[in-house]
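The block underneath contains the structure these notes are about, expressed in structure tokens.
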Amino acid sequence: MKDNKKENIISKLNFSFGNNSKSESATCVMERDTFECSSEKMDSIQNKIDFSKNSSEKNMKHIANIINGLAMHEDADSIRVLEEIGTNASIDTIREMTARALVRKNVVDSLSIVISQEGKGINDLSTSVAMSTINELLSLQNKEIAMQVLEETVSNSEIEMVRDNARSVKALMSLC
């Protein structure tokens, strides 16, 4: 690796997924201007990356750096990675950081994940994840896109709990 390349790397994290007999891995590198995962099977993984509950503090810092870096990127792949890996993590803290990052992006695709999908964002079973997502929504400077997604969710969701949560958050946001 070139020296200037080393200076550009913000964070690097190795993921392992699958069971022990058939384990696969991917290395994700967050640079100042790019995010890359070395595994070409990233598209076929679909929610199989499992973060260890005993993740070290150092790994959590790397994970936080990657999530924050992905939040800064405007491309659709960054939203896909946050959704596939972060919102399905077994650790509440990672899901919480991911949901906040998706809200900060403040685009329809990212807001739809945390508002309209069952088990994610405002619909997460963990109250800390749901409440931090709601707080992040309330702190948005421009709430127009979030209000649109909330209205669409209230009108179109087939899941009653998702509709009810969206309705409640919409009422809160209209007061702020």
Looking at Glu96, is it of a type in the set (Asp, Glu) and over 29 Å from Ile66 (Cβ atoms)? no
Every residue from the range 83-95 that is of a type in the set (D, E, K, R) and buried (at least 23 other Cβ atoms within 10 Å of the Cβ): Arg95
Could you identify the single residue in Ile79, Ile63, Ile67 that is part of a helix (DSSP H, G or I), surrounded by 20 or more Cβ atoms within 10 Å (Cβ to Cβ), touching a Phe, Trp or Tyr at 6+ places or on another chain (Cβ under 8 Å) and modelled with pLDDT of 85 or more? Ile63
Considering the range 108-148 alone, what residues qualify as being surrounded by fewer than 22 Cβ atoms within 10 Å (Cβ to Cβ) and on the phi > 0 side of the Ramachandran plot? Gly119
Looking at the range 149-176, which of the residues that are closer than 25 Å to Ala89 by Cα and of a type in the set (A, V, I, L, M) is surrounded by the fewest Cβ atoms within 10 Å (Cβ to Cβ)? Met161
Answer yes if at least one residue in the range 97-107 is buried (at least 21 other Cβ atoms within 10 Å of the Cβ) and in contact with an Asp or Glu (Cβ under 6 Å, 6 or more places away or on another chain), and no otherwise. yes
Tell me whether the range 157-164 contains one or more residues that are among the hydrophobic types (A, V, I, L, M, F, W, C) and within 17 Å of Asn106 (Cβ to Cβ). no
Here is a list: Arg163, Arg100. Which entry is part of a helix (DSSP H, G or I), charged (D, E, K, R) and either under 30 Å from Lys61 (Cα atoms) or within 12 Å of the chain's Cα centre (by Cα) (or both)? Arg100
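The values are calculated or read from the model by the stated rules, or taken from the named source; none is laboratory data. Computed from a predicted structure; not experimentally measured. Because the Cβ atoms are built from the backbone with ideal geometry, glycine has one as well, and the counts that use them run over all protein chains shown.
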